[in-house]
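Only one structure is covered here, and it is reproduced in the block below.
Just so it is clear, none of the values below were taken in a lab; they were calculated from the coordinates. These numbers were taken from a predicted model, which means no experiment stands behind them. No Cβ is skipped: glycine too gets one built from the backbone with ideal geometry, and neighbour counts run over all protein chains shown.
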Amino acid sequence: MTTQLTCISPIHGQTYATRDALSQRAAEQSVESAKRAQKEWASRSIDERIQLVMAGIDQIGKEKDRMVEELAHQMGRPIRYGGEFSGFQERGAYMASIAREALAPLMVENTDQFTRMIKREPQGVVLVVAPWNYPYMTAINTIAPALIAGNSVILKHSTQTLLVGEHLAEAFHKAGVPPDVFQNLFLDHETTSELISNKSFNFINFTGSVAGGVAMETAAAGTFASVSTELGGKDPGYVMEDADVDQAVDSLIDGAMFNSGQCCCGIERIYVHESVYEDFLAKAVALVQSYKLGNPLDPKTTIGPMANIRFANETRAQITEALNDGAIAHIEQFEEDDGTSCYVTPQILTNVTHQMRIMRDETFGPVVGVMKVTSDAEAVALINDSEFGLSVSLWSADADRCEHLGAQIETGTVFMNRCDYLDPALCWTGCKNTGRGAGLSVLGFQAVTRPKSYHLKKKVN
């Protein structure tokens, strides 16, 4: 019996797109074709692979209008923000620009006696399991370096953004990347797990929930395939007494509310020094009150629906629990929020504690808890009181102070005076239940390749 994958649009709760999931046999055949195609692809020059990958990225750029409209329908992002091409192109172009150096042999010795070096070889077949919240940008993080390094890539995209993988494959094929080298497959969870367990892939990149990451690692157990995961987050911001409060409010509240709070490194909790707390809170509330919640196809909309009713219900549940435990809500319910749809009022909560789920569990919705602190030590203790560690946003005029605090914080990235951004020159990584592995930067190429040592003795005595 064929499994049907269905994308329900958050705009109106109706079916937007459906695709039939591949059978186990058909999926296995696709994997075999990827394995065969990879050898020829790897034999091409790195310059040719870079050219074709960049041509694929450029092709997506020619279809930005399609990207914008489809994202609005599939996961609710307002059209006023213009899709993801800017970040998508930035990441792909940077990885292409460093590829030759990143993949160059590490020469240890090259004399009359010996050549000793370490080369990087492609892993083979790379599986990318991409999420719906930034479906283009998260996917290209691995697709670009994997293809450039000589791997074949199989993309399994989220059902919520069912058309994105299809769009990516079409664009790259049109640009000249062989169809078997880059494949978008419609797979259900069971077939995906079975393929992994059967040693179909040499490297697996997964972005999603902690439970999903556990499922990936469980399926890969004993296969010796490398697994890289980016999972849950509860990213904090800390506003110090010497911070520019206006800038902190603009950036942190945007980091909490943009994309309806559905950002991997979105801000979910904010700690503010007592000396600037009231100023910060007043300005933050005023900013959120100015938001326009509504249909993402309306250019006036600044915050759209959450991607799925399940996510909206979880956000509302966490808010309700916090209010019942004494939290204070500062934003009156928006007219567009009827309490039952994907349209959720963006909310700021105070009088919150770390005993509440709203400050402990990943919410992934348009709500942020704000707490007053009296010192760096108190802030660091609260920041580290989390099972997650993706990024932290520190606000101060003192870079040395931020670097010092960063060394004490259990996180993958330390931001100062900004947040919610992936710098492609720096590795994207996390710790604790956020997962393991490193994407982007030079380390992104190391993840999709394996080292191979050469010890060549030229003269035999």
Calculated log₁₀ intensity ratio I(q)/I(0) where the Debye formula runs over C-alpha points of the range 235-423, q = 0.10, 0.15, 0.19 Å⁻¹ = -0.36, -0.82, -1.32
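Report the convex hull volume per residue for the range 183-337, counting only C-alpha atoms, in Å³.
Values: hull volume 27.7 nm³, N = 155.
Per-residue hull volume (Cα only) is 179 Å³.
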Scoring the range 275-324 by relative contact order with C-alpha pairs under 8 Å, at least six apart, yields a percentage of 18 percent
May I ask you to sort 385, 420 by Cβ crowding, counting other Cβ atoms within 10 Å and putting the fewest first?
-> 385, 420
For the pair residue 355 and residue 398, what calculated FRET efficiency results from E = 1/(1 + (r/R0)^6), where r is the Cβ-Cβ distance and R0 = 30 Å, to the nearest 0.05?
-> 0.40
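Among 39, 432, which comes first, then next, by fewest other beta-carbon atoms within 10 Å?
Fewest-to-most Cβ neighbours within 10 Å comes out as 39, 432.
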Taking Cα atoms, how many degrees apart are the long axis of helix 64-75 and the longest axis of the chain, rounded to 10 and kept between 0 and 90?
-> 60 degrees
Starting from the amide H of residue 349, placed 1.01 Å from N in the peptide plane, find each other amide H under 5 Å away whose residue is 5 or more places distant or on another chain.
-> 368, 369, 370
Rounded to the nearest whole number, the per residue volume of the convex hull around the C-alpha atoms of the range 315-356 in Å³ is 67 Å³
Evaluate the relative contact order of the chain (contact order divided by residue number), counting alpha-carbon pairs under 8 angstrom at least 6 apart; express in whole percent.
-> 19 percent
Between the alpha carbon centres of the range 97-151 and the range 187-254 the gap in Å comes to 20 Å
With everything on Cα atoms, drop me the angle between helix 277-289 and the longest principal axis of the chain, reported from 0 to 90° to the nearest 10.
-> 80 degrees
Relative contact order for the range 166-269: what is it in percent, counting Cα pairs under 8 Å that are at least 6 residues apart?
-> 20 percent
For helix 210-220, report the angle its Cα long axis makes with the longest principal axis of the Cα atoms of the chain; keep it between 0 and 90° and round to the nearest 10°.
-> 20 degrees
Computed curve, the chain, Cα-only Debye sum without solvent term, log₁₀ I(q)/I(0) at 0.06, 0.10 Å⁻¹, is -0.28, -0.75
Packing-based exposure ordering (other Cβ within 10 Å, fewest first) of 353, 191 = 353, 191
Given backbone amide H placed at 1.01 Å from N, residues whose amide H is under 5 Å from that of residue 5, ignoring those fewer than 5 places away on the same chain, are 19, 20, 21
Taking the DSSP beta bridges in the chain as the whole, what percent of them are antiparallel, to the nearest 5?
-> 40 percent
Cross-link reach from residue 300 to lysines, straight Cα distance under 24 Å and at least 8 residues apart if same chain, gives 64, 283, 292
Linear extension gain, residue 194 paired with residue 335, 0.36 nm per residue minus alpha-carbon span = 46.1 nm
Theoretical gain in end-to-end length, residue 247 to residue 378 [0.36 nm per residue, Cα-Cα removed] = 44.9 nm
Of the convex hull drawn through the C-alpha atoms of the range 108-230, the volume per residue in Å³ is 135 Å³
